[in-house]
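Heads up: the structure comes next, in structure tokens.
The values are calculated or read from the model by the stated rules, or taken from the named source; none is laboratory data. Quick caveat, the model's predicted, so the values are computed rather than measured. When we count neighbours, we look across all protein chains shown, and the Cβ atoms used for this are built from the backbone with ideal geometry, even at glycine. Areas reflect the complete protein model, heavy atoms only, side chains present, ligands, DNA and RNA absent. Shrake-Rupley method; radii C 1.70, N 1.55, O 1.52, S 1.80 Å.
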Amino acid sequence: MYNYFQVVIKPSHLLLAFLTFTSLIYSQEFTASELDSLFTSYVQLKNIEKLDESDRPLLGGIDHGKCGLSLVNAVRLNYDKFTSEQQQQLNVLFQRPLRQKSFVTPSGKFRIHYNETGSGVPAYDLNELAKALDSSYNFEVNYLGYPPPPPDFGEGGDDLYDVYIADLGSGPSGLYGYTESETEIIPNSGRWTSFIVIDNAFDGYYTPGIDGARVTAAHELHHAIQMGNYIFRFSDIYFYEITSTAMEKFVYNTLNDYRQYLSSYFQAPWRSFSQNNGYNLAIWNFYLKEKFGYDILKRQWELMPQMRAISAIAMSIAEYSSGFGDEFNTFGIWSYFTNYRTIPGRFFADAQFYPAIQHTASLDFNPPAKNVDVQARAVSNNFIRFINQSATPLPDTLVAIVTNSDIQSGIDSTQSVFSFRYTLASDSGNGFVRLTDKYFMNLTAQKINFWSTAEILNNEIIREGKIRTSIDAIAFPSPFKFSRHSFVYLPADPDPSAIVDFAIYTSGMELIYSSTVPVIQHAGQKVVRWDGKDFKGRNAASGIYLFITKSGDNIKKGKLVIFND
């Protein structure tokens, strides 16, 4: 037996504090003190032009983010929860900014409102802002195919989309801008008309002046698209910021404002995916765009009204015949090869400018074997570094990227921990996977279906990440759509009796249906067919499902995407 050396990594060692009011609004349930905090911040924002520089609140910056989307809409959409006295003040503050002048951009799509004197006078060329708004519209709507923001019932003077210029602070503590919801288009639809407010100067910002205005135009326009055409959901606010922050780079490739936020992800990749602020994960959308193209990102927004963001991401990837776990693990590989580890021409185009990823654990490897036990978050990447000083002619550094892809827990249990043990050995053993002639690995974990690993030895990838449980069969059609299809066909490998047991599980491994049926021939394959209904005869909800067919000792497993439209 191996003489294992065990290292235990606890969650207290893994999490960084989140010092942003955004953390208050992952849920739409607020305590009285949280509502008071939101109210105070909103009042300060709406009165910021009247405050002296020394009295202005900390609204923006690396920790707080660039945009006030969270704050202004948390107050707007929870109006009925404030006291009557607070509501009276909010009724006044909800009014759009009063500006002295306005003009229409060359495209005829936007009306820009501004002051010529007094507070909030623009410090950059408004003609350049007009061009930035039109360019953002042309790229996001005309090129990428997103629907435009809906008209606002004549608010602001007409049905053009309104953009207001205001002083939102200065230096790293100011806001770049915000998109504020106004009127719900259809009751309970989660779709809202809106208007945008953009800072007047971007003085002392990471990206100052007109370039700050350009990235803000691209960013906030997509927020208007999101809340106007799909849904606005506080519990997925990070996803809104991932998309809008990535959109800045897509629209303006030479501007790199997003880089200022990356350190909070690279310093704590073990944080649950949805517990990031979104600004720091724009590179996730860069990765998806490089692998699958822009359309996968739009597909996620089309799915958002029916499901939570992480489920929409996973389903969109499944529709491209891949799996979220595999892609998130590969994203971990891309995230590793940054900074001094950058390989020119591979992975992220700007990798050399990104921080270096932090390891969950770093330990010496002394043959024959070493364990490391980690309590990980749902939907997270963990980077385990082993250093073998006894290797010749130079020490070896082996990094294991261990990925959890339990998306249901990533929605329901973001603060829960899930244990895994990673073992590195210098010889093979029962259940071990060969990495090289002198290294072998084994992973044991709760819900092993949701774990995958990749290994990098001396900056060379020696094993790509794969889910540890075999997925060896493909259902068809996938995605299965009730509006189009009567049955989904599950591959089977029957014994001579030609009777097959099959079971359908949610991504959280909840059994929704099982049966024993005869095998049939369909499209030249041996299959069983299922009508997509659960034990109670209800259509299965949109999502990703696992299926198992069993006939004697013959077992097939696979994934299935259902879209219940």
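Please give the helices (runs of 4 or more DSSP H) falling wholly within region 267-385 in which 3 or more residues are open to solvent by 50 Å² or more (accessible area, probe 1.4 Å) and either under 30 Å from residue 477 (Cβ atoms) or without any contact (Cβ under 8 Å) to a residue 40 or more places away in the chain (or both).
Helices (runs of 4 or more DSSP H) meeting the threshold: 282-292.
Would you call residue 517 crowded, with 17+ Cβ neighbours inside 10 Å and of a type in the set (A, V, I, L, M, F, W, C)?
Against the criterion (crowded, with 17+ Cβ neighbours inside 10 Å and of a type in the set (A, V, I, L, M, F, W, C)), residue 517 does not qualify.
If a residue has to be closer than 29 Å to residue 29 by Cα and either part of a helix (DSSP H, G or I) or modelled with pLDDT of 95 or more (or both) to count, how many in region 217-259 make the cut?
Residues in region 217-259 being closer than 29 Å to residue 29 by Cα and either part of a helix (DSSP H, G or I) or modelled with pLDDT of 95 or more (or both): 27 in total.
If I go through region 444-461 residue by residue, how many of them are open to solvent by 10 Å² or more (accessible area, probe 1.4 Å) and free of Cβ contacts under 8 Å to residues at least 60 places away in the same chain?
Final tally of qualifying residues: 5.
Residue by residue, here is whether (1) part of a loop (DSSP other than H, G, I, E, B); (2) farther than 29 Å from residue 404 by Cα holds:
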site	(1), (2)
490	no, no
502	no, no
505	no, no
508	yes, no
512	no, no
521	no, yes
548	no, no
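Taking the criterion of being over 30 Å from residue 289 (Cα atoms) and crowded, with 21+ Cβ neighbours inside 10 Å, would at least one residue in region 190-202 satisfy it?
yes
I'm trying to understand the selection: among the residues of region 132-180, which are touching a Gly at 6+ places or on another chain (Cβ under 7 Å), surrounded by 19 or more Cβ atoms within 10 Å (Cβ to Cβ) and assigned to a loop (DSSP other than H, G, I, E, B)?
149, 150, 167, 168, 169, 174, 175, 176 - these are the residues of region 132-180 that are touching a Gly at 6+ places or on another chain (Cβ under 7 Å), surrounded by 19 or more Cβ atoms within 10 Å (Cβ to Cβ) and assigned to a loop (DSSP other than H, G, I, E, B).
Output the residue which, of all residues in region 528-555 that are farther than 20 Å from residue 314 by Cα and touching a Leu at 6+ places or on another chain (Cβ under 8 Å), is most open to solvent (accessible area, probe 1.4 Å).
Going through the qualifying residues, I end up with 529.
May I ask you to say which residue of 478, 483, 428 is closer than 20 Å to residue 366 by Cα, assigned to a loop (DSSP other than H, G, I, E, B) and open to solvent by 30 Å² or more (accessible area, probe 1.4 Å)?
Of the residues listed, the single one that is closer than 20 Å to residue 366 by Cα, assigned to a loop (DSSP other than H, G, I, E, B) and open to solvent by 30 Å² or more (accessible area, probe 1.4 Å) is 428.
Go through region 390-409 and give me each residue that's part of a loop (DSSP other than H, G, I, E, B), of a type in the set (S, T, N, Q) and either buried (at least 21 other Cβ atoms within 10 Å of the Cβ) or modelled with pLDDT of 95 or more (or both).
The one that is part of a loop (DSSP other than H, G, I, E, B), of a type in the set (S, T, N, Q) and either buried (at least 21 other Cβ atoms within 10 Å of the Cβ) or modelled with pLDDT of 95 or more (or both): 405.
Evaluate the following for residue 25: is it buried (at least 19 other Cβ atoms within 10 Å of the Cβ), at pLDDT below 55, within 21 Å of residue 194 (Cβ to Cβ) and hydrophobic (A, V, I, L, M, F, W, C)?
Answer is yes for this residue.
How do the pairs read when you match residues in region 125-153 that are of a type in the set (A, V, I, L, M) with residues anywhere that are open to solvent by 60 Å² or more (accessible area, probe 1.4 Å), using Cβ under 6 Å and keeping only pairs 6 or more apart or on different chains?
Listed pairs, sorted by first residue: none to list.
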